[in-house]
Amino acid sequence: MQTADGIRLKDIHIDDDYWNKYTKLIGDKVLPYQWDILNDNVPDAAPSYCLANFKIAGGLEKGERKGTVFQDSDAAKWLEAVAYSLASHPDAELEKKADYVIDLICNAQEPDGYLDTYYTVVEPENKWKNLCEGHELYCAGHLIEAAVAYYRSTGKTKLLDCACRLSDLIAKTFGTEKGKIRGYPGHPEIELALIKLYNATKNKVYLDLASYFIDERGKTPNIFLEQMKAPGFKHIFYEFNNYDPRYSQSHLPVRQQSTAEGHAVRAVYLYCAMADLAKINHDERLAEQCKVLWKNMTEKRMYITGGIGSSGYLERFTTDYDLPNDCNYSETCASIGLALFGFRMAHLTHDASYIDICERALYNTVRAGISLEGNRYFYVNPLEVWPESCMNNTSRAHVKPVRQKWFDVACCPTNIARTFASLGQYIYDVEGSNAYVNLFIQNKSTVYVDGEEVHMDLQTVYPRNGKVMLTVTAPNHTFTLNIRKPEFAEDFTVTINGKKQDCHSGEEHGNYCAITREWEHDIVEVAFKINAHVVFANPLVRANCGKAAIIRGPEVYCIEECDNGADLAAVYIDKATVFSEEWKDDLLDGTLVLRFNGKKLSAQQEDEDAICTNPPVLKDISLTAIPYGAWGNRKEGEMIVWLHTNM
């Protein structure tokens, strides 16, 4: 049967030309590479210290605990990725390594259940005294997620038991009762993790604790500001002097917040938990608050690529329509969180428009976060890169023109690993007598609708084209199949066994084509056009006023220097541009490129070296665009998404 969290990953078997290049990397390249990183065995990469810290905390080695205060979470996310990988691709050697890491973690747990290598080794007297910066609850959240995933995948309970002991301690420590701390995490994460733990164990203590953390957040007095007043308090991060509670979404109770504020990853992790809780508790008010926050974030504070968090300082949201291209942050983890939030909102509302944004993030920013070799990563995802300007000790120092081996703060690589290892979770959704087809990724799977097995065989080369064939095998079983209609789809049609279906007479709802019937062994064919086209920026987006971008289906396209020469900021595109499409098997492990004609602004010859010039001239130029998600996999050079237009 499916789990309470959704469809079992071990029942989803992806074999998709588009996604194989990433999903197959996870077990073959990504997890082994990250294993070496966690053991500090990759030359010239930023050291991890992660597993060494657990050995020191558990008394297995002597030494200095090193790395960031939240370093423990890297091991947890790696374990979670391993769990998802093992669910679909059993690997005894990989499982042995995971069990070794689990032993290290459990050995470092204190007798009362406390588990955090930083506070065990470095500041044992300050546990729970710096909730704003200490990340104890954040690390606990990732440990809980890993424990639930590993239990679901392998049936082993050692890490789950460890997570329960830690969660029980947290439940005894935090709350409104006398003697407890009326606090909550500076970095949301444990809230959504506790809901997963509740689903796995049915222990309502964990659901109540998640509810408490969500509803306590933002109340007066602010716990973070109060703790900062304590004698001897010292900041872990210098940036938190003169702390603004908006940074941690603690400026107001969550049910009163109407704009996406602060650190983008913290925000979307919090919103994920809010959506989960609204679903479980049938909390319509909280559900409405999620819709309000989603609308503000995706309509006024999100990049076209599904990136969020525009500020290079503090990785945060700023204000509506403030979306610079060449100095933005758009952390990979933030887009992963956006995809998780979008999937939960679709599950909560049964509105496929949320999947449109989820898909946009996965196909663009998240995909861009990892190289095609699986061993290089982007933390920051700009929409325009001029390598010469990405200099240390400048406002663009955070922007990297090439992917990195690792990072001092390495949340993104392990987050990418767990995301692609669990990609199957996004494809289908099931509730009651409804099955939902959300993403068009080729797979053979088993889902359970009203407790009955339904076999899905989905064949497609999407997004190369919009043809999807889904064979549904469910003898004598009546249920509703809901097929997502993407917002960009043109001439959308559905046939079953060759007979066209009516998706417009009350059966299409929530951007799904809903078909209720008694199923046997039926062939559902979906067809729609995917056309490359130019989209224009709202003039309120100052950075892109008068500019246009190229979109084809879920993919945003960009142009790179290696195809089009330098000085890409001088390129112009016509609003009526016609694109020709060409599939290239030998480029970027197979990709669809767009070719088109444009213009390029050039200084007159006598003014080539001057800052101020005579009127420049526009010259014809032939251009090639590739999907943004694949940029940076060839030579280092310029890249740009938004182009000037000839209006």
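The numbered conditions (1) more than 27 Å from R484 (Cβ to Cβ); (2) assigned to a strand (DSSP E or B); (3) among the aliphatic types (A, V, I, L, M) are all true for I523 except (1).
I'd like to know if segment 178-201 contains one or more residues that are open to solvent by 10 Å² or more (accessible area, probe 1.4 Å), within 24 Å of A334 (Cβ to Cβ) and within 24 Å of the chain's Cα centre (by Cα). Yes, segment 178-201 contains at least one residue that is open to solvent by 10 Å² or more (accessible area, probe 1.4 Å), within 24 Å of A334 (Cβ to Cβ) and within 24 Å of the chain's Cα centre (by Cα).
Here K156 passes the criteria (1) closer than 27 Å to L9 by Cβ; (2) open to solvent by 10 Å² or more (accessible area, probe 1.4 Å); (3) in a helix (DSSP H, G or I) except the one numbered (3). Of all residues in segment 24-44, those satisfying the criterion of being closer than 28 Å to Y363 by Cβ and either open to solvent by 30 Å² or more (accessible area, probe 1.4 Å) or not polar (S, T, N, Q) (or both) are K24, L25, I26, G27, D28, K29, V30, L31, P32, Y33, W35, I37. Restricting attention to segment 548-580, the residues being assigned to a strand (DSSP E or B), in contact (Cβ under 8 Å) with a residue 60 or more places away in the chain and over 23 Å from R367 (Cβ atoms) number 4.
Okay, residues lined up against (1) in contact with a helix residue (DSSP H, G or I) (Cβ under 7 Å, 6 or more places away or on another chain); (2) part of a helix (DSSP H, G or I):
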{"residue": "P43", "(1), (2)": "no, no"}
{"residue": "P47", "(1), (2)": "no, no"}
{"residue": "R65", "(1), (2)": "yes, no"}
{"residue": "A75", "(1), (2)": "yes, yes"}
{"residue": "K96", "(1), (2)": "no, yes"}
{"residue": "I102", "(1), (2)": "yes, yes"}
{"residue": "C106", "(1), (2)": "yes, yes"}
{"residue": "P111", "(1), (2)": "no, no"}
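This table checks each residue for (1) buried (at least 20 other Cβ atoms within 10 Å of the Cβ); (2) assigned to a loop (DSSP other than H, G, I, E, B).
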residue	(1), (2)
A397	no, yes
V409	no, yes
C412	yes, no
I416	yes, no
L439	yes, yes
V454	yes, no
D457	no, no
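Taking segment 323-360 as the range and being farther than 20 Å from T394 by Cβ and of a type in the set (D, E) as the test, the residues that pass are D351, D356, E359. Do we have any residue at all in segment 586-598 that's outside any strand (DSSP E or B) and under 20 Å from A569 (Cβ atoms)? No, segment 586-598 has no match at all.
Residue-level check: of (1) open to solvent by 10 Å² or more (accessible area, probe 1.4 Å); (2) in a loop (DSSP other than H, G, I, E, B); (3) closer than 23 Å to Y84 by Cβ, Y448 misses just (2). Among residues of segment 346-368 being part of a helix (DSSP H, G or I) and open to solvent by 10 Å² or more (accessible area, probe 1.4 Å), the one that is nearest to A549 (Cα to Cα) is R360.
Out of all the residues in segment 519-531, is one or more touching a residue at least 60 places away in the same chain (Cβ under 8 Å), surrounded by fewer than 15 Cβ atoms within 10 Å (Cβ to Cβ) and within 22 Å of T365 (Cα to Cα)? No, every residue in segment 519-531 fails to be touching a residue at least 60 places away in the same chain (Cβ under 8 Å), surrounded by fewer than 15 Cβ atoms within 10 Å (Cβ to Cβ) and within 22 Å of T365 (Cα to Cα).
Would a scan of segment 549-559 turn up a residue that is more than 30 Å from E636 (Cβ to Cβ) and modelled with pLDDT of 95 or more? No, segment 549-559 contains no residue that is more than 30 Å from E636 (Cβ to Cβ) and modelled with pLDDT of 95 or more.
The numbered conditions (1) within 30 Å of H533 (Cβ to Cβ); (2) more than 23 Å from the chain's Cα centre (by Cα); (3) open to solvent by 10 Å² or more (accessible area, probe 1.4 Å) are all true for V494 except (3).
Considering only segment 608-623, I want to know if a residue exists there that is open to solvent by 60 Å² or more (accessible area, probe 1.4 Å), of a type in the set (A, V, I, L, M, F, W, C), closer than 13 Å to I550 by Cα and without any contact (Cβ under 8 Å) to a residue 40 or more places away in the chain. Before the answer, list the steps.
Taking segment 608-623 as the starting set, the residues that turn out to be open to solvent by 60 Å² or more (accessible area, probe 1.4 Å) are 608-609, 611-616, 618-620, 622.
Checking the rest, the ones that are also of a type in the set (A, V, I, L, M, F, W, C) come to 611-612, 618.
Those still in the list that are closer than 13 Å to I550 by Cα too: none.
No: zero hits.
Taking segment 424-437 as the range and being open to solvent by 20 Å² or more (accessible area, probe 1.4 Å), touching a helix residue (DSSP H, G or I) at 6+ places or on another chain (Cβ under 9 Å) and part of a strand (DSSP E or B) as the test, only E431 passes. Among the residues of segment 216-230, those identified as surrounded by 17 or more Cβ atoms within 10 Å (Cβ to Cβ) and over 17 Å from T173 (Cβ atoms) are G218, N222, M228.
Has segment 251-261 got any residue that is within 18 Å of the chain's Cα centre (by Cα), part of a loop (DSSP other than H, G, I, E, B) and within 18 Å of H135 (Cβ to Cβ)? Spell out how you get there, then give the answer.
Taking segment 251-261 first, the residues within 18 Å of the chain's Cα centre (by Cα) are 260-261.
From the residues that got through so far, the ones that are part of a loop (DSSP other than H, G, I, E, B) too are 260-261.
Checking which are within 18 Å of H135 (Cβ to Cβ) leaves us with none.
No: segment 251-261 contains no residue that is within 18 Å of the chain's Cα centre (by Cα), part of a loop (DSSP other than H, G, I, E, B) and within 18 Å of H135 (Cβ to Cβ).
The values are calculated or read from the model by the stated rules, or taken from the named source; none is laboratory data. It should be emphasised that the depicted structure is a prediction, and the values quoted were computed from it without experimental measurement. Glycine also receives a Cβ, built like all others from the backbone with ideal geometry; neighbour counts cover every protein chain displayed. Please note that ligands, DNA and RNA were not included when accessible areas were found on the heavy atoms of the full protein model with its side chains. Shrake-Rupley method; radii C 1.70, N 1.55, O 1.52, S 1.80 Å.
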